[in-house]
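The values are calculated or read from the model by the stated rules, or taken from the named source; none is laboratory data. Not measured: the values here are computed from a predicted model. Ideal geometry is used to build each Cβ from the backbone, glycine not excepted, and the neighbour counts take in all protein chains shown.
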Amino acid sequence: MAVLWLGEADVEALVDPAMLVDGLAQAFADLGRFIERDAARIDGTDGATGYLSVFPAVDHGGDLASAKVLAGRPANAAEGRPEIDAVVIAAEPTTGQIAAILSARRLTAYRTAGVTALALRLLGVTNATIALVGTGLQARTHARVLIETDIAERVIIASASRGVEAADTFVASLSPAIAARCEAAPLAGLAGRADALVTLSLAATPLPVGPLPDGGILVGVGPFYPEAHELDPALVASADTVISDHPERLRRQWAGHAVASRALIGIDDLAVGRASAPAQGRRIVLSDGRAFEDNVAARQILAAARATGRGHPLP
């Protein structure tokens with residue numbers, strides 16, 4: 001059987017936001033069916049060179065093994081190139097045969113948006129006003145997923161660093177159906193204008209998004225590590241509730257800091273009913289990304305490709 005190549009345009013055409021969020025919900029509620037490993041990473045010899053990371057996962061319930069191979073170089077953004085590039089290699093675990101290779105920049109952005117939508121759904125958010133901080137690919141996929149899954153009735157877009165003109169340009173670049181539900185706005189005061197705020201930058205220092213109003217919801221999608229964080233750790237530590245897609249990793253990374261001392265709730269705890277979603281207080285969701293999330297997205301996209309005959313068999 002020929003290996004199928006699915007490029008960025010294929011992923012965009014084949015992803016189904018509603019099915020993706022439902023699939024992630026099922027996966028978080030049944031994590032035992034997955035085997036995954038934290039990323040294996042090899043760095044270049046100096047700060048000017050790139051790095052390579054591999055994120056493997058096997059879904060014993062869905063019969064798909066996957067490994068996302070991610071390459072990156074921090075200096076790329078300043079040189080007009082994407083900071084990261086990635087592919088997902090999908091294999092049949094029972095035969096050991098490679099089934100497909102999927103371009104994964106867009107796949108990763110969609111699965112991240114799917115986790116955001118799931119977290120907000122578990123917090124009872126629906127037909128809401130959602131503010132997005134960022135004007136890149138993550139903002140594009142978040143706007144589509146949040147609108148098409150009825151999490152957002154209206155989406156406010158703000159640039160993290162380039163002003164309202166950049167947000168205007170971004171909104172104009174969206175598909176007409178999505179753009180009609182979006183508007184550009186300045187970053188200042190954004191948290192008070194929306195039911196939930198989602199930060200989507202690659203910022204290594206905290207964005208000026210606080211303070212979070214009482215009852216507010218903030219989803220952090222960008223980096224949140226001791227050495228680089230788009231959210232102020234003090235803001236996270238002061239939240240009434242902190243929810244994470246990987247609480248154990250968060251505790252390891254922030255050991256000794258007030259962030260790690262919080263009673264963290266896993267998205268899986270909410271999905272399976274081990275914890276109840278808090279309806280009040282300041283709530284912060286931290287989305288770090290996990291290999292099984294890539295596996296869920298890849299399996300759905302590959303199934304859609306096979307059903308529609310889309311893709312390009314490799315020789």
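Annotations
- Sole exception among (1) part of a loop (DSSP other than H, G, I, E, B); (2) surrounded by 14 or more Cβ atoms within 10 Å (Cβ to Cβ); (3) at pLDDT below 95; (4) not small (Gly, Ala, Ser) for ARG81, by number: (2)
- Those residues of segment 144-184 which are under 28 Å from GLN280 (Cβ atoms) and surrounded by 20 or more Cβ atoms within 10 Å (Cβ to Cβ), in sequence order: VAL145, LEU146, ILE147, THR149, ILE151, ALA152, VAL155, ILE156, ILE157, ALA158
- Number of residues in segment 31-71 that are under 18 Å from the mean Cα position of the chain (by Cα), under 30 Å from GLY273 (Cβ atoms) and assigned to a strand (DSSP E or B): the value is 6.
Yes/no matrix, rows are residues, columns are (1) more than 30 Å from ALA77 (Cβ to Cβ); (2) touching a His at 6+ places or on another chain (Cβ under 9 Å); (3) of a type in the set (Lys, Arg):
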residue	(1), (2), (3)
ALA196	no, no, no
ALA204	no, yes, no
PRO213	yes, no, no
PRO223	no, yes, no
ALA237	no, yes, no
ASP240	yes, no, no
HIS257	no, no, no
PRO278	yes, no, no
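- Tallying residues that are more than 23 Å from GLN26 (Cα to Cα) and surrounded by fewer than 24 Cβ atoms within 10 Å (Cβ to Cβ) within segment 110-132 yields 2.
- When LEU102, LEU107 are screened for being in contact with a Gly (Cβ under 9 Å, 6 or more places away or on another chain), surrounded by 24 or more Cβ atoms within 10 Å (Cβ to Cβ) and over 22 Å from ALA158 (Cα atoms), only LEU102 passes.
- Counting only helices (runs of 4 or more DSSP H) that sit wholly inside segment 127-243, those with at least 3 residues that are touching a residue at least 12 places away in the same chain (Cβ under 8 Å) are 137-148, 164-173, 233-237.
- Hits in segment 72-98 - residues which are within 25 Å of LEU302 (Cα to Cα) and more than 24 Å from the chain's Cα centre (by Cα): GLU92, PRO93, THR94, THR95, GLY96, GLN97, ILE98
- For segment 55-64, taking the residues that are small (Gly, Ala, Ser) and surrounded by fewer than 22 Cβ atoms within 10 Å (Cβ to Cβ), the one that is modelled with the lowest pLDDT is identified as GLY62.
- Against the conditions (1) more than 16 Å from the chain's Cα centre (by Cα); (2) at pLDDT below 95, ALA271 satisfies every one except (2).
- Of all residues in segment 185-210 being surrounded by 14 or more Cβ atoms within 10 Å (Cβ to Cβ) and among the hydroxyl-bearing types (Ser, Thr, Tyr), the one that is farthest from VAL221 (Cα to Cα): SER201
- Checklist (1) surrounded by 13 or more Cβ atoms within 10 Å (Cβ to Cβ); (2) touching a residue at least 12 places away in the same chain (Cβ under 8 Å) applied to ASP22, failing item: (2)
- Filter result for ILE265 (among the β-branched types (Val, Ile, Thr) and without any contact (Cβ under 8 Å) to a residue 60 or more places away in the chain): yes
- Residue within segment 274-281 that is polar (S, T, N, Q) and farther than 24 Å from GLN138 by Cα present: yes
- Taken as a whole, segment 244-258 holds at least one residue that is surrounded by fewer than 20 Cβ atoms within 10 Å (Cβ to Cβ), of a type in the set (A, V, I, L, M) and either within 26 Å of GLY163 (Cα to Cα) or modelled with pLDDT under 95 (or both).
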